[in-house]
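Structure first, then comments.
Here, each number is a calculation from the coordinates, and none is a lab measurement. Only a predicted model underlies this, so the values are computations on that prediction, with no experimental measurement involved. Cβ placement follows ideal geometry from the backbone for every residue including glycine, while neighbour counts extend to all protein chains displayed.
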Amino acid sequence: MSLRLRLTILVAAVFIGFWLLTSIWMVTGLNHKLTTSFDKRLQSTAVMLSNILAHVPQSAMAASLPSIMQANEVGTAKGLACQISSLHGSIIATSNSSSFPNNSEVKPGFHFIHAENTAWRTFTLITNQHKITIADKMLERDSLYYDLLKSILIPPALAILITLGLLWFAIGRGIRPIMLLTSALEQRGSEDLAPIEIDQPLKELKPLITSQNALMARLAEVISREKQFTSNAAHELRTPLAGILAQTQLAELTTGNKQQRALMQVSKSTKRLNTILDNLLLLANIDADHQAHTDESWSIEVLIKSIINEMIQDNERIAYSLQGKEIITVIPSAMVAIVCRNLLDNALKYSLPKTPIIMAIDSTEENLTINVRNSAHVLCADIPKMTTRFWRKGLTEGAGLGLSIVDTIAQNYKGSIILTNEENTFIAEFSVPISKNPYSLNRAQVL
């Protein structure tokens with residue numbers, strides 16, 4: 001069922017329901033008022049005739065009654081029927097209605113009588129000398145009642161029908177922006193993520209259109225990023241694979257030292273390829289595992305010592321300091337280990353030889369901050385690009401995924417990574433909230 005039809009049915013149900021209730025109330029009141037008015041008419045006519053007959057001599061009664069009845073519309077085709085009888089039961093005069101029965105035994109007050117398939121409503125008044133019965137046909141009452149009923153009900157019913165037609169048109173005009181929005185969405189292709197544009201949208205639709213356009217923009221960004229990621233990954237994998245193929249062919253064609261050097265290059269390219277694949281799998285797992293929390297407690301100092309000991313080359317260059325509490329919860333130790341390894345590996349790889357690498361860990365009740373400093377000169381223009389996946393400066397080694405992985409973890413845990421360069425010292429600061437209700441920046445900050 002369309003929205004237009006549903007709205008029309010709902011409004012029509014309200015209108016018709018209200019009209020039926022008011023009509024029932026009006027019809028009931030009208031029936032009561034008509035019955036009361038007709039009965040008062042019978043009663044007032046009987047009283048009037050009794051007053052007139054009280055002043056008519058008994059000897060002139062028979063000659064005067066026809067003219068008196070005609071003057072008071074008694075005995076006409078659509079008027080009242082009248083019967084006057086003595087107190088002893090003999091009928092003195094009656095109207096010319098052939099269907100009204102001659103019955104002098106009618107009791108005083110209001111009554112219903114039937115004669116010759118005709119129903120009558122009667123009122124009998126007993127005076128000191130006469131018994132006066134005034135009656136009218138129920139058929140005449142019903143005819144007047146139904147005529148009034150038609151005049152009361154038919155115009156509103158026609159007005160409601162016309163109103164529903166106008167309402168159908170008005171609702172169609174009112175929901176036209178919704179139909180335009182629906183049509184715009186239905187006509188879109190599977191790859192069309194352009195913003196939705198509608199002329200003069202409803203005020204109520206603007207938040208929906210805004211949120212829909214924001215969703216489209218996020219989807220376009222994600223798709224673009226995934227395409228770029230796939231392209232970069234393919235390029236990064238192609239380079240070591242091409243090197244492995246070339247060095248393998250060279251090793252097959254040579255012997256001695258040249259063959260050994262070719263095999264060493266194959267081994268080196270294989271290790272680089274393995275590192276790229278490991279980082280890609282790690283990045284995919286981090287992207288899929290948004291903000292995984294844990295209630296398990298672990299020691300930050302034990303973790304740092306273990307990571308430094310794992311680094312075989314140049315680990316003596318690394319010095320660390322720890323402030324605050326040692327036991328950490330909420331964030332898994334595996335995520336912090338990934339951050340520390342990548343920050344230290346980045347510092348070892350791009351710092352000047354034999355220069356110290358300083359790691360400072362500050363753990364409070366609210367935040368965990370890991371600060372890594374190393375000697376290096378980084379251009380300010382390069383700092384915003386360093387968290388971009390597969391970005392590398394020149395011909396440096398690596399896949400360009402280390403800081404991207406750290407940035408992804410920071411985003412997943414509502415934290416931040418801040419990269420700065422101060423007097424030939426490069427600083428990478430990773431910070432995440434470790435309270436039960438974390439709230440922080442959900443993006444990489446670059447100063």
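Shown in residue order for the stretch 371-382 are the 3J(HN,Hα) couplings computed by the Karplus curve 6.51 cos²θ - 1.76 cosθ + 1.60 at θ = phi - 60°: 10, 10, 10, 8, 7, 5, 10, 10, 5, 4, 5, 8 Hz (x for Gly and Pro).
Centre-to-centre, using Cα atoms only, the stretch 129-151 and the stretch 1-59 are separated by 13 Å.
Scalar couplings 3J(HN,Hα) for the stretch 13-25, obtained by applying the Karplus form with A = 6.51, B = -1.76, C = 1.60 to θ = phi - 60°, are 4, 5, 4, 5, x, 5, 5, 5, 4, 5, 5, 4, 5 Hz; x denotes Gly and Pro.
Per-residue Cβ neighbour counts within 10 Å put H377, H111, H130 in the sequence H377, H111, H130, beginning with the fewest. Of the residues E423, E296, the one with the fewest other Cβ atoms within 10 Å heads the list, and the complete ranking is E423, E296. The Cβ shell under 11 Å around A360 holds other residues with a net charge of -1, Lys and Arg each +1, Asp and Glu each -1.
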